[in-house]
Amino acid sequence: MLKIHYSLESDLQNGITDIAAPEALSIQVRNLVLKTAKRKKVVRGEVIAEHPAKFGGAHHAACAGTVSDVDYHHLAIKCSGEEEGVEPVDVKSLAPGLEMLRALQGLGIDCAVLSSPADILVINGLNPEPGISVVEQLLKDERETLEAGLELARKLIRPEKVILAEAKGDTFSLAGVENRYIKPKYPNSLDALVVRKITGKEFPSDTKVMSVMDLYDLGRVAMTGLPVTDTVMTIGDRNYRVPLGTPIRHILSTLGMEAKSGDTVVLGGSFRGEAVYSLDEGVKKGDHALFAIGSHVFPAVQDATCINCGECVLNCPGRIMPNLISRYAEYEMFEMAEKYGLNSCFECGLCAFSCTARRPLLQYIRFAKAQLKASRQSEQSQGL
Ligand code: SF4
Ligand code: SF4
């Protein structure tokens, strides 16, 4: 087996650069509860959709304008260029508990991790994937905001100890936080592996983990009282602040990048990212990287037959058999995939990245998980 060192280190030379809002935004609204309608005017920061999950964060307009189109998947806003926006909410003055959680949800924060106490809070301070430097950038430049986020997180989670997991060699710090160091090599940055490294346990019930990006969003909401309407993304060797809903086409043209016919544009990193099917797709919360691959750089991923080479099994940090699980998923035998460890997969993407036959192993695994989740939700709603 060829062992490659997938380094998580970066060589940051610049600060975060703003990408100006486009003329129109495209926001994914599939599975959300719409709070606006076609032809309605919206101001910047207005709620346009809510998340159906108990603690899911709301979605907001990143610019003032008019809703020009809505379908099951997308909502388009034609930006007016006006500065009109919503009034801030003084979240910090609210009592910690449900009132504060609901206010944060309304401002776009996914609150599941904040909604119950834990003894240990781990801040995952490693860059998520090779080639992505967002975490390091925020730790370097945004300490005050991260500490404001941590203050709120402490109030809600009430941990006895907060630990910043950072890359060996880094010297970042946060007030009142213990530092622990992890070898900056993928997949060591995945939450499950960070927690195991720090606590020595797998999925301990007394420990919660937050990413630096989530802590940063929380800190901005705490400091400004305004909703989250942008995301920080690594593109090339720099980081950019991009309004949510900005079409990829606008980012590429702003940065002078070109995607030719047959090239693949990916939102996310090279292991876990997802190819976009249209350059009119808008960036969404949780998108922290964008890159393009030329049409002939890698052999295409395809539904080829597994040749049983075993590479994926050797590379899997979850110690499961991606070859077997993906075949069950391919033939829609989802319970069998589950029986063979589907839920132990933390979606690192190493199996698909190393597959000799270029099978879409991670996609099969995500497909199986989504199908099982949907069928269980449907059974629950029918009282079965
Ligand atoms: S994505 Fe693949 S390699 Fe990673 S844990 Fe899941 S099955 Fe294993
Ligand atoms: S790496 Fe690909 S071809 Fe090899 S065993 Fe795994 S799924 Fe099969």
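A short reminder: the numbers here are calculations on the coordinates, not readings from a lab. Just so we're clear, the structure is a prediction, and the values are computed from it rather than from any experiment. Quick reminder, even Gly has a Cβ in these numbers, built from the backbone with ideal geometry, and neighbours come from all protein chains shown.
Here are some notes:
- Tensor-based shape of the range 301-340 (alpha-carbon gyration tensor, a/c under 1.5 rounded, otherwise prolate or oblate): oblate
- When only the Cβ of Lys, Arg, Asp and Glu is charged (+1, +1, -1, -1), the dipole of the range 311-381 relative to its Cα centre reaches about 120 debye.
- Net charge of the neighbourhood of M100, taken over other residues with C-beta under 10 Å away and scored Lys/Arg +1, Asp/Glu -1, is +2.
- Of F271, F298, F203, the residue with the greatest mean-square motion in the GNM of the chain, using alpha carbon springs below 10 Å, is F298.
- Here the dipole of the range 255-384 is about 320 debye; that uses its Cα centre as origin and unit charges on the Cβ of Lys and Arg (positive) and Asp and Glu (negative).
- Cross-link partners of K78 among aspartates and glutamates (Cα-Cα below 12 Å; sequence separation of 8 or more within a chain): E23, D69
- Cα gyration tensor, the range 200-343 - rounded (a/c under 1.5), prolate or oblate: oblate
- Those lysines that a straight Cα-Cα span of less than 22 Å connects to K168, excepting residues fewer than 8 apart in one chain: K3, K140, K183, K185, K197, K201, K208
- Within a Gaussian network of the chain (alpha carbon springs, distance under 10 Å), most fluctuating of T36, T145, T171: T171
- Solvent-free Debye calculation, one equal scatterer per alpha-carbon of the range 55-137: log10 I(q)/I(0) at 0.18 Å⁻¹ equals -1.05.
- Alpha carbon centroid spacing (whole Å) that separates the range 287-301 from the range 178-201: 27
- Kyte-Doolittle mean at least -0.5, axial Cα span of 15 Å or more - DSSP H helices of the chain: 143-157, 212-224
- Residue-by-residue Karplus 3J(HN,Hα) for the range 77-87, coefficients 6.51, -1.76, 1.60, Hz, glycine and proline x: 10, 8, 6, 8, x, 6, 8, 3, x, 6, 6
- Two-site FRET efficiency, E274 against S93, from Cβ-Cβ distance with R₀ of 30 Å, rounded to 0.05: 0.15
- Annotation for the range 254-303: trypsin sites (Lys or Arg not before Pro) lying in DSSP loop with at most 10 further Cβ atoms inside 10 Å of their Cβ are K260.
- The translational diffusion coefficient of the chain, from Stokes-Einstein at 4 °C and 1.567 mPa s with a Kirkwood hydrodynamic radius over alpha carbon pairs, comes to 58 µm²/s.
- For K161, a cut-off of 16 angstrom between C-alpha atoms picks up these aspartates and glutamates, skipping any fewer than 8 places away in its own chain: D119, E147, E151, E178, D206.
- Gyration tensor (alpha-carbon) shape descriptor, the range 150-195, a/c threshold 1.5: oblate
- The mean sequence distance of close C-alpha pairs (under 8 Å, at least 6 residues apart), as a share of the length of the chain, puts its relative contact order at 16 percent.
- Percentage of interatomic Cα-Cα distances in the range 95-223 larger than 18 Å: 50
- Extension gain, E84-S173: 0.36 nm per intervening residue step, less the Cα-Cα distance, totals 28.4 nm.
- Whole-Å distance, taken between Cα centres, linking the range 44-70 and the range 243-266: 23
- Note on the chain: antiparallel DSSP beta bridges, both residues inside, total approximately 60 percent of the bridges counted.
- Of the residues L314, L25, L126, the one that moves most in a GNM of the chain with alpha-carbon contacts below 10 Å is L314.
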